[in-house]
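The values are calculated or read from the model by the stated rules, or taken from the named source; none is laboratory data. None of the values given here were measured: they were computed from a predicted structure. Neighbour counts run over all protein chains shown; Cβ positions are idealised from the backbone, glycine included.
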Amino acid sequence: MKYNTDINSFGGIQDYHMIHESLRSYFNGEKDLKKRFVEDNIFGIRTEEGRGRFYRGIKSSILNFQNLNHEDIFRSFFTTLDQSLPYDFLIFWQLSINNRLFNVISKELYLKYYFNGKVTIIGHDVFYFLQEHKENDEDFKNQNWTKKTTEPIASKYLTVLKKLGLVEGVQKKKLLHVQISDQEFTLFLYLLIAIYGEGTNFLNHQFNIFSFVSNESFNERVKRVAQKGLIGMEFSGTKLSLKPIFKLNELADGLFRRS
């Protein structure tokens, strides 16, 4: 996965219902999304350049699925829009899966701050992290991005977090405590299964941190949702295996619309 500046596009989107509508259009087979987004300007973005950036960001970081199982999960949530569903979590996880830079900043900075009990984060924190990251990641260093590129990324990254309800504030952003429900946590587990496969050992898995559940509490939280009949699990002490109970293309109904 290559580094890109899509974070700037997502930070510039005024209304994230535009992302929801993009997914709905995709899953309903609406033809030629590029024409609809750029030429027809269905979202009312002022400049053609801005519309193009939005379309490219959506295509690479949102309408991009690792396999059919991953796609089926999103299809179940976005074929028909329902704003009571956890769309903010789904967008956060989708960006973390598909956008390398968003993944790195989230994992190595924001989530470390979160789990270490930091109260605030500012654009300079993100900018300084990006400067340090150049020394640790040759791919990132080879982008040859100047301060003129990385400073907006730092600012827009925090804007994305704010739009997803994870921080609040203007210049100095306050990290909000994330209360993930059992259904939302189970959705995260189904994404793990879809992307990494049932045979994967999810004990201390690298992506677990994106669940907003600490490593110390993760296994107990899995046991809790398994006892509720939301997912299957096997734990041997050295391996945690997960098994789906609901069909992936019916997951929204199975988890959030149960009678």
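Filtering segment 39-73 to residues that are buried (at least 20 other Cβ atoms within 10 Å of the Cβ) and either among the β-branched types (V, I, T) or not assigned by TED's automatic domain parsing to the domain that holds Y16 (or both) leaves I45, I58, I62, I73.
Take F92 and decide whether it is over 9 Å from the mean Cα position of the chain (by Cα), of a type in the set (F, W, Y) and at pLDDT 95 or above.
For F92, the condition - over 9 Å from the mean Cα position of the chain (by Cα), of a type in the set (F, W, Y) and at pLDDT 95 or above - is not met.
Taking I180 as the residue in question, decide whether it is within 21 Å of the chain's Cα centre (by Cα) and closer than 25 Å to A252 by Cα. Yes; evaluated as a whole, the condition is true for this residue.
Could you check segment 119-155 and list, in sequence order, the residues that are surrounded by 14 or more Cβ atoms within 10 Å (Cβ to Cβ) and closer than 13 Å to V167 by Cβ? Matches in segment 119-155: I121, I122, G123, D125, V126, S155.
Scanning segment 219-240 for residues that are without any contact (Cβ under 8 Å) to a residue 12 or more places away in the chain and in contact with a helix residue (DSSP H, G or I) (Cβ under 7 Å, 6 or more places away or on another chain) yields a single hit, M233. What residue, of F210, F202, F188, is out of contact with any Lys or Arg (no Cβ under 6 Å at 6 or more places or on another chain), assigned to a loop (DSSP other than H, G, I, E, B) and surrounded by 19 or more Cβ atoms within 10 Å (Cβ to Cβ)? One residue alone meets the criteria, F202.
If you check S76, S106 for being surrounded by 15 or more Cβ atoms within 10 Å (Cβ to Cβ), under 25 Å from I180 (Cα atoms), polar (S, T, N, Q) and within 12 Å of the chain's Cα centre (by Cα), only one passes: S106.
Taking the options I153, I193, name whichever one is β-branched (V, I, T), over 30 Å from F256 (Cα atoms) and either outside the structural domain of G12 (by TED's automatic domain parsing) or in contact with a His (Cβ under 7 Å, 6 or more places away or on another chain) (or both).
The unique qualifying residue is I153.
Tallying residues that are surrounded by fewer than 18 Cβ atoms within 10 Å (Cβ to Cβ), out of contact with any Phe, Trp or Tyr (no Cβ under 6 Å at 6 or more places or on another chain) and not charged (D, E, K, R) within segment 79-92 yields 4.
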